[in-house]
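Q: One structure is given below, represented as structure tokens, and several questions about it will come after.
The values are calculated or read from the model by the stated rules, or taken from the named source; none is laboratory data. Nothing here was measured: the structure is a model prediction, and the numbers come from that model. Because the Cβ atoms are built from the backbone with ideal geometry, glycine has one as well, and the counts that use them run over all protein chains shown. These accessible areas exclude ligands, DNA and RNA; they are computed on the full protein's heavy atoms, side chains included. Shrake-Rupley method; radii C 1.70, N 1.55, O 1.52, S 1.80 Å.
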Amino acid sequence: MAFQHKHILGIESLSREDIELILNTGDAFKEINGRDIKKVPTLRGKTIINAFFEASTRTRLSFEIAGKRLSADTVNISGSTSSVVKGETLEDTAKNIEAMAPDIIVIRHGHSGAPHYLAERLETCSVVNAGDGAHEHPSQALLDLMTMREHKGRIEGLEVAIVGDITHSRVARSNIYALSKMGARVRLAGPGTMLPPGIERLGNVEVCANLLDAIKDADVVMMLRIQLERQSQTLLPSLREYARFYGLNTENIKLAKEDAIVMHPGPMNRGVEISTYVADGIQNVILDQVANGVAVRMALLYLVSGVESMQTQ
Ligand code: CP
């Protein structure tokens with residue numbers, strides 16, 4: 001099946017077949033990351049701009065590494081070092097970048113819809129969403145699904161608990177779309193102030209009364225970071241209280257299936273949404289998620305590039 005999308009703006013606009021193709025392509029690229037010489041010529045001659053207007057460690061580095069391992073020329077620009085600080089608009093910035101003839105712009109932006117705005121205005125290059133406000137983080141959901149499939153052997157039929165600040169979480173939104181399309185069931189839990197009304201309409205979702213209901217017999221437990229930087233008002237009494245009611249610890253994790261995996265998109269607030277013992281415990285697959293991030297992003301860059309052969313040798 002050929003990939004029909006010029007841009008990757010969100011999981012919402014991808015089909016189940018698209019997701020399967022991306023995951024299978026990621027699996028095929030993953031092996032390259034274990035070689036002595038981690039480079040293939042797939043995207044030789046292509047230019048990728050990583051434009052990050054918000055902080056990032058994992059996403060930015062892995063998109064850059066993914067591009068380099070595919071032999072693309074990768075260039076990074078950040079909000080604080082660009083002419084955005086002099087008042088240039090996002091559209092002007094992007095059109096000036098496009099004038100230099102890149103093939104792909106990977107963008108992270110604090111405003112929901114920023115990648116869509118650019119995709120409508122840019123004529124030649126592809127746009128890949130690396131996280132837009134509280135809207136979507138498609139590459140994160142895809143690496144999460146790749147990790148689930150790797151550890152559980154399937155996605156269909158999995159019971160996946162997602163716990164925390166759902167309102168501000170683009171990771172939760174993209175995972176709800178992706179998991180629902182792939183036949184998994186999502187259980188959400190979080191303080192009432194962090195659970196947006198109507199969230200269950202996004203997919204195969206059950207909103208649970210508390211963390212314990214959400215994680216009982218779950219195959220996957222995904223904990224989310226409290227995004228204090230996106231909260232315009234105080235939505236929780238204290239971090240200590242949050243940890244008590246919504247933190248994953250060595251006691252409550254026993255409610256999940258014995259072979260359940262524990263995931264977190266990072267960065268973690270240790271001692272808040274997840275205890276250090278669980279974060280570093282045998283059920284955690286958190287660094288596998290990070291490793292799979294490179295493979296999934298290689299797949300995304302390759303598929304939007306329109307290049308015909310993967311050239312993995
Ligand atoms: N998961 C994630 O998006 O992490 P970064 O903010 O470090 O990119």
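Q: Using only Cα atoms, find the angle between the long axis of helix 170-181 and the longest principal axis of the chain, and express it within 0 to 90 degrees, rounded to the nearest 10.
A: Helix 170-181 and the main axis of the chain meet at about 90 degrees.
Q: State in Å² the accessible area per residue of the range 270-310; use a 1.4 Å probe, count heavy atoms of protein chains only, and round to the nearest integer.
A: Result: 41 Å² per residue.
Q: Report, to the nearest 10°, how far helix 138-152 tilts away from the longest principal axis of the Cα atoms in the chain, using its own Cα long axis and a range of 0 to 90°.
A: 60 degrees
Q: Please work out how many pairs of lysine residues in the chain are eight or more positions apart (or on different chains) and have Cα atoms closer than 27 angstrom.
A: Counting lysine pairs in the chain gives 28.
Q: Next up: Could you work out how far helix 58-69 tilts from the main Cα principal axis of the chain, as a 0 to 90 degree angle to the nearest 10?
A: The answer is roughly 40 degrees.
Q: Then there is this: Please give the calculated 222 nm ellipticity per residue for the chain, where each DSSP H segment of at least 4 residues contributes -39500 (n - 2.57) and the sum is spread over every residue; nearest 500 deg cm²/dmol?
A: -10500 deg cm²/dmol
Q: Is any residue of the range 117-134 close enough, with backbone N under 15 Å, to a label point placed 7 angstrom from the Cα of Thr89 along the Cα-Cβ axis, and if so, which?
A: Of the residues in the range 117-134, 117-122 have backbone N under 15 Å from the label point off Thr89.
Q: Translational diffusion coefficient, Stokes-Einstein: compute it for the chain using the Kirkwood radius over C-alpha pairs as Rh, at 20 °C and 1.002 mPa s, and state it as an integer in µm² s⁻¹. Write down the numbers at each step before the final one.
A: Values: Rh = 19.8 Å.
Diffusion coefficient, whole number: 108 µm²/s.
Q: Give the accessible area for Lys46 in Å² (nearest 10); use a 1.4 Å probe, count only protein heavy atoms, and leave out ligands, DNA and RNA.
A: Per-residue accessible area (Lys46): approximately 50 Å².
Q: How large is the accessible surface of His168 in square angstrom, using a 1.4 angstrom probe and rounding to the nearest 10?
A: 20 Å²
Q: Shifting gears a bit: Provide Thr124, Thr93 ordered by accessible surface of protein heavy atoms (probe 1.4 Å), highest first.
A: These residues rank, largest area first, as Thr124, Thr93.
Q: Which percent of the accessible heavy-atom area of the range 38-194 goes to carbon and sulfur, probe 1.4 angstrom?
A: Values: 2760 of 5550 Å².
After summing per-atom areas, the C and S share lands at 50 percent.
Q: With every protein chain kept in the model, how would you rank Tyr277, Tyr246 by accessible area, 1.4 Å probe, largest at the top?
A: Values: Tyr277 175, Tyr246 35 Å².
Ranking Tyr277, Tyr246 by accessible area, largest first, yields Tyr277, Tyr246.
Q: State whether the range 125-264 is rounded, prolate or oblate according to the following rule on the C-alpha gyration tensor (a ≥ b ≥ c being the square roots of its eigenvalues): a/c under 1.5 gives rounded; otherwise a/b larger than b/c gives prolate, and the remaining case gives oblate.
A: Because a/c hits 1.5 or more and a/b fails to exceed b/c, the range 125-264 counts as oblate.
Q: Only sites in a loop by DSSP and with at most 13 other Cβ atoms within 10 Å count here; which GluC sites (Glu not before Pro) in the range 84-128 make the cut?
A: Hits after loop and neighbour filter: Glu88, Glu123.
Q: I've got another one for you. With every protein chain kept in the model, how would you rank Lys152, Lys30 by accessible area, 1.4 Å probe, largest at the top?
A: Numbers: Lys152 40, Lys30 65 Å².
From most exposed to least exposed: Lys30, Lys152.
Q: Let me ask something additional. Show the residues, 5+ positions off or on another chain, whose built amide H is closer than 5 Å to the amide H of Asn76.
A: Asn50
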